[in-house]
1. Residue 167 to residue 108: FRET efficiency via 1/(1 + (r/R0)^6), r the Cβ-Cβ distance, R0 35 Å, to the nearest 0.05?
2. Given 0.36 nm per residue, what is the gain on full extension from residue 314 to residue 271 after removing their alpha carbon distance, in nm?
3. Pull out the extension gain between residue 85 and residue 132, defined as 0.36 nm times the separation in residues minus the alpha carbon to alpha carbon distance; nm, one decimal.
4. Taking R0 as 45 Å, what FRET efficiency do you get between residue 28 and residue 403 from their Cβ-Cβ distance, rounded to the nearest 0.05?
5. What FRET efficiency would be calculated for the residue pair residue 351, residue 98, taking the C-beta separation as r and a Förster radius of 45 Å, to the nearest 0.05?
6. Full extension from residue 392 to residue 359: what is 0.36 nm times the residue separation minus their Cα-Cα distance, to one decimal in nm?
7. Which of the three applies to region 226-317, rounded, prolate or oblate, going by the alpha-carbon gyration tensor with a ≥ b ≥ c and a/c under 1.5 meaning rounded?
8. Using mean Cβ contacts within 10 Å as the protection proxy, how do 152-159, 89-96 order, highest first?
Amino acid sequence: MRQCRALWARLRGMFGGELADRELSAELESHLQMHIDDNLRSGMSPDQARRDALIKLGGVEQARQVYRERKGLPWLETLCQDLRFGLRQLRKNPGFTTVAILTLALGIGANTAIFSFVDALFLKPLAVSSPEQLMRIYAKGPSGHYGAGFSYPEFKLLRDHNSSFTALSVEAERPQLHLVTEGDSEEIRGEFVSSNYFSLLGIYPRVGRSFLPEEDTAPGRDAVVVISDQLWKIRFNANPAILGREIHINSIPFKVIGVASPGFYGDLKGLPVQVWIPAMMFGAAGYGCDDGSYNCSLFDEFIGRVAPGQSAAQAQAEAAGAMVWSATNWQEKPSRRQLVMASANTGSPDDQADDIAQMHLLMSITASLLLIACANLAGLLFARGVTRRREIAVRLSIGAMRSRVIRQLSQRACSWHPWAAFSV
């Protein structure tokens, strides 16, 4: 309790400093005058009486300093003083300050931009509901790559014979769909998905609706599309009458039935999708075979949500047991295909090594830019320090502590931070 009271007294002593200093000065002056009067009565001259009184008091300024240290928090007050000193020095040298701030701003700005890109592309989870529950299922091919693909019968087999997933959807991404609207054409990235794709991810359209189950049953019958919020704003000026409008994709007229929620561009990191089309339109759009056989690999991978209480290992084991390629349904060396699962928050196993290498390269660039900025700033500080040698020597000669001088110089360097000028 005594320490708490002492701390509280010190905190209170930090405020109302001018009044306390005036009271202290008046009290010290009263004690000094009493000693002077005693010395005068003993026969000393006025000068001798004052000098002797000052010696007996031990120095007025020393007494004031001891009092200040006891009534407040000296280290905090010293820190504030040093910061104010640093800011005054900055104001005295606007050209030097501007160059230093711009050097740091360029280094920090470039680092922020690169890290934001790395964070969005590699570190952030998917912008969907409970992304940790999502898994991707790949078919590992004979050559060891993970893009062997699946046929629609294989999807139905896995969808209907598993209990580890609450929902399962196919997806096939295509980067060069040809979109034509009102005579204007452009290439866009699209994805062919199952009717339950949006509900599986927990994404609800901003305008209109997502796919109905019956729109994902007959090949080539239901030419409907959901577009991204970005495409709706840029290409259609956020027109609320977009629903029911006809657009042409790969020369096929599609009816717009919905607009995805803002900020949703699919579940593939780094591959923003602008249109989603029912999986049954894959063959009609000119991609792959469409004979309904096991040999007809249409879809890149499956995406599923693991059921509560199930682990990824359990889901992997059950899926591998359900998806057994035999000589009957896969006549071309069935043993050379393998089902593999991975978290949906990571990229394809084929791309993970490249992604890691790219992330390391970007982070190395970030570190290099920061080191360059720091080196440039250090050079400026060194040049500035050479011009201040005489000032520092004088301060040391009149009793300034080396630690205090070093702290002021270091705090001055820190105060060149772009936003430090607004901290006092």
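Read the figures in this text as sums done on the coordinates, not as results from a lab. Keep in mind that this is a model prediction, so the values were computed, not measured. Quick reminder, even Gly has a Cβ in these numbers, built from the backbone with ideal geometry, and neighbours come from all protein chains shown.
1. Values: r = 44 Å, r/R0 = 1.25.
Using R0 = 35 Å, I get an efficiency of 0.20.
2. Values: separation 43, 0.36 × 43 = 15.48 nm, distance 2.94 nm.
That pair, residue 314 and residue 271, stretches by 12.5 nm at full extension.
3. Values: separation 47, 0.36 × 47 = 16.92 nm, distance 5.14 nm.
Using 0.36 nm per residue and subtracting the Cα-Cα distance, I get 11.8 nm.
4. 0.95
5. Details: r = 44 Å, r/R0 = 0.99.
E(calc), rounded to 0.05, equals 0.50.
6. Working: separation 33, 0.36 × 33 = 11.88 nm, distance 4.55 nm.
Gain on stretching residue 392 to residue 359: 7.3 nm.
7. Numbers: a/c = 2.75, a/b = 1.37, b/c = 2.00.
Oblate shape, in that a/c is at least 1.5 and b/c is the bigger or equal ratio.
8. Numbers: 152-159: 18.5, 89-96: 12.5.
Top to bottom by mean Cβ count within 10 Å: 152-159, 89-96.
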